[in-house]
1. Return the pair list, or none, for Cβ contacts closer than 7 Å from residues in region B:159-187 that are closer than 17 Å to B:VAL231 by Cβ to residues that are among the charged types (D, E, K, R), at least 6 apart or on different chains.
2. Tell me, which residue of region B:337-350 that is more than 7 Å from chain A (Cβ to nearest Cβ) and charged (D, E, K, R) is nearest to A:VAL95 (Cα to Cα)?
3. Sort out which residues of region A:72-97 are more than 14 Å from chain B (Cβ to nearest Cβ) and in contact with a Phe, Trp or Tyr (Cβ under 9 Å, 6 or more places away or on another chain), and write them in order of number.
4. Residues that are within 30 Å of B:GLY62 (Cβ to Cβ), touching a residue at least 12 places away in the same chain (Cβ under 8 Å), surrounded by 13 or more Cβ atoms within 10 Å (Cβ to Cβ) and in contact with an Asp or Glu (Cβ under 9 Å, 6 or more places away or on another chain): does region B:274-282 have at least one?
5. Which residue pairs have Cβ atoms closer than 7 Å, lie 6 or more positions apart in sequence or on different chains, and pair a first residue in region B:324-338 that is in contact (Cβ under 8 Å) with a residue 12 or more places away in the chain with a second residue that is basic (Lys, Arg) and surrounded by 21 or more Cβ atoms within 10 Å (Cβ to Cβ)?
6. Look through A:TYR131, A:TYR140 and report the one residue that is free of Cβ contacts under 8 Å to residues at least 40 places away in the same chain, crowded, with 24+ Cβ neighbours inside 10 Å and of a type in the set (Phe, Trp, Tyr).
7. If we keep just the residues of region B:203-220 that are within 12 Å of B:SER49 (Cα to Cα) and not aromatic (Phe, Trp, Tyr), which is surrounded by the most Cβ atoms within 10 Å (Cβ to Cβ)?
8. When the residues of region B:351-374 are filtered to those that are of a type in the set (D, E, K, R) and within 10 Å of another protein chain (Cβ to nearest Cβ), which remaining residue is nearest to B:ASP60 (Cα to Cα)?
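The values are calculated or read from the model by the stated rules, or taken from the named source; none is laboratory data. Computed from a prediction, not measured in an experiment: that's the story for all the values here. Positions of Cβ are generated from backbone atoms using ideal geometry, with glycine treated the same way; all protein chains shown enter the neighbour counts.
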Amino acid sequence: MADASADIRQGRIVEVNAAGLYYKDLNALLRKMADGPDGQDVAKIVLRNVAGQRYIATDLDRPIEVEIHGTPGNDLAAFMNGQRIVVYGNAQDGVGNTMNSGEVVIHGHSGDIMGMSMRGGTIYVRDYVGYRVGIHMKEYLDKVPALVIGGTAQDFLGEYMAGGRIVVFGLDLGPGECHHANFIGTGMHNGAIYLRGPVRDYQLGKEVGVVRPGEGLWSPADWDFLRKCAEGYVRHFGGEVEEILRGEFIKLYAKYLRPYGPLYSWRN
Amino acid sequence: METDHAYPVGGGRRSPVERLSNPYGDDKVIAACSLFGAMDTSGRRFSGSLVATAIANMHDRGNGLGGGFAGYGLYPNFKDSYCFHIMFLSKETRHEVEDFLRRHFRVHHGEEIPTRRGARVSNPPIIWRYFVDVAPAQDGLGSATEPIVEADYIVERVMQINTGISDAFVFSSGKDMGVFKGVGFPEDVADYFRIEDYAGYAWTAHGRFPTNTTGWWGGAHPFSVLDWTVVHNGEISSYGINRRYLEMHGYICTMQTDTEVVAYAADLLMRRHQLPVELAAKVMAPPFWEVIDRMPEDQREVALALRQVYGSLLLNGPFTVIICRSGEMIGLTDRIRLRPLTAATSGDVLFLSSEEAAIRLVCPDLDRTWIPMGGEPIIGRLKTSAPVVSPASRNGIPVLTGEEQR
């Protein structure tokens, strides 16, 4: 096992030089520091020189903050349960895969399938996200996962979405520029997607309906939720809450509970 | 289609130790193929160790059944000769191929490609390189009225070697470039071929996780004909129809792997049919019909024509490829981006990679990184028409001039 170069600073912040550290060793080290007997006073772990190590912060049992400098590998925060991750850089594919609770903050862009099968918690992304973000997100009672994306998204946003909320502020779009994604909400059967900024009808999947503020299906709770998202976004990345909320929003909802029912059984 | 020999699954009794160390029988394979490309568009040459370091960082995307590199600008002292990298499975085959080369070419120099003993590669074959010039007179081909096209002549001879001489396979056949590939992890293949001893202005690299065909030396990436090279992550489901179409144009697939068709398609579309990269990309990853319907009239006509003429070269299935030729590097994904690609620039250098981390590892100071849309080609081109060649003398590279050879 490579030397982790871990040393404790200020008592409760631990810094790790992750250069050259294999992903299994890095995650074992995180587990040791978060959950082991020697790490009980650790509140925050700062990872330096991260270069593609996968599954960071998976399988930790105690709330703890992990600050990442560099580029974390795929499936960052997979199955994460109650931790807080801050990435100073871009993230790769699969952030928050089946994440259960906690918060991820990405000061950059994030890759494909972010929030895949996510069950709870929140992911904030300063810039844009890749393909199939929020694919098959779910929710149950008070567990409602949320993705808050500052820029735009690429194709198949919210594909087969089964619950949760996706908010895309489109702050990186030029005047009059439409969102980049096509097939938005294809196969979606629950949850909601909020888009700020223009989008054409053909960019939407066949299984979603559109609601605009002022229409019957748009409730004050929608604004409350968006305000919370904007406040969270501004807290992490700066900007103006009111300016974000002044934008033109639409909400996409699932028109059918089982859009592909007839494909898989004779009974619809 | 492929069997995963490295990872037998299911069935069988598990030992007590394994039950303890792996209680859930979790033999998850997280591999997925890795791609990396780097081009200095100013023509400055850099060591292959850079791409070897980058591709090694994506070790877990491969499973040790293939790794390879393509470099451009490697042989400045022979830059006007075609360089054949050829794999032989037996000594006798080498003599047969050398006879063939002497009959069809003017051979300036031939030598075994230097390798490092003790590198962790399995069953390395014999691999030589030859610097040759086209000598059609020897074949009685070509005349003042009907000059032969050199590149076509090369392609035909490559196909003759691949199909007509058993146990010999041409890894690459372009000018001032070469392919180094084999069975092993890419870092081990780099070690074996002493990749760090070479300098080029463009490099591509591949770590393989074979899913449909066997892991053998010829089946490792890059695939190449002339100076075209292709590294690929994904699966060309349309291999059968692509292959039949290419056979009609004289390209015979012999490497037992789908990626081979991409190299031949690139040669057919961009060299022989002279399509610009942007249109060739639209042949391989065409826009959807509904997207074509929404296009302005003139663009729609082009898109329709391409689909009608080149329908058989549509690459179906998930793919990301890095296609390279002298002076040009192209990254392309399938139109719904079922495989990853990240691009970045730093000064004159363009990087393409399966993962951003690999780029940042070798170049922490990037001007820009971005994730291209599916089907959108990312193109790097040399700023000068000819690569800027610095005086070459790297360890391990023979510095030979034409005079010395005659």
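1. Pairs that qualify, where the first residue is closer than 17 Å to B:VAL231 by Cβ and the partner is among the charged types (D, E, K, R), are B:PHE171/B:LYS181; B:GLY174/B:ASP227; B:MET177/B:ASP227; B:GLY178/B:ARG129; B:GLY184/B:ARG120.
2. The first filter runs over region B:337-350 and keeps only residues more than 7 Å from chain A (Cβ to nearest Cβ), leaving B:338-339, B:341-350.
Then drop every residue that is not charged (D, E, K, R), which leaves B:339, B:348.
Working: B:ARG339: 16, B:ASP348: 31 Å.
Only one residue tops the list, namely B:ARG339.
3. Initially, region A:72-97 is screened for residues more than 14 Å from chain B (Cβ to nearest Cβ), giving A:77, A:80-86, A:96.
Scanning region A:72-97 gives a single hit, A:ALA77.
4. Yes, the conditions are met somewhere in region B:274-282.
5. Filtered contacts from region B:324-338: B:THR333/B:ARG339.
6. Numbers: A:TYR140 fails: crowded, with 24+ Cβ neighbours inside 10 Å.
Of A:TYR131, A:TYR140, the one residue that is free of Cβ contacts under 8 Å to residues at least 40 places away in the same chain, crowded, with 24+ Cβ neighbours inside 10 Å and of a type in the set (Phe, Trp, Tyr) is A:TYR131.
7. Quick first cut of region B:203-220, residues within 12 Å of B:SER49 (Cα to Cα) only: B:203-205.
Then drop every residue that is not not aromatic (Phe, Trp, Tyr), which leaves B:204-205.
Numbers: B:THR204: 29, B:ALA205: 36.
It comes out as B:ALA205.
8. Residues of region B:351-374 that are of a type in the set (D, E, K, R), as a first pass: B:355-356, B:360, B:365, B:367-368.
Next, only the ones that are within 10 Å of another protein chain (Cβ to nearest Cβ) stay: B:355-356, B:360.
Values: B:GLU355: 12, B:GLU356: 15, B:ARG360: 17 Å.
Once the filter is applied, the top-ranked residue is B:GLU355.
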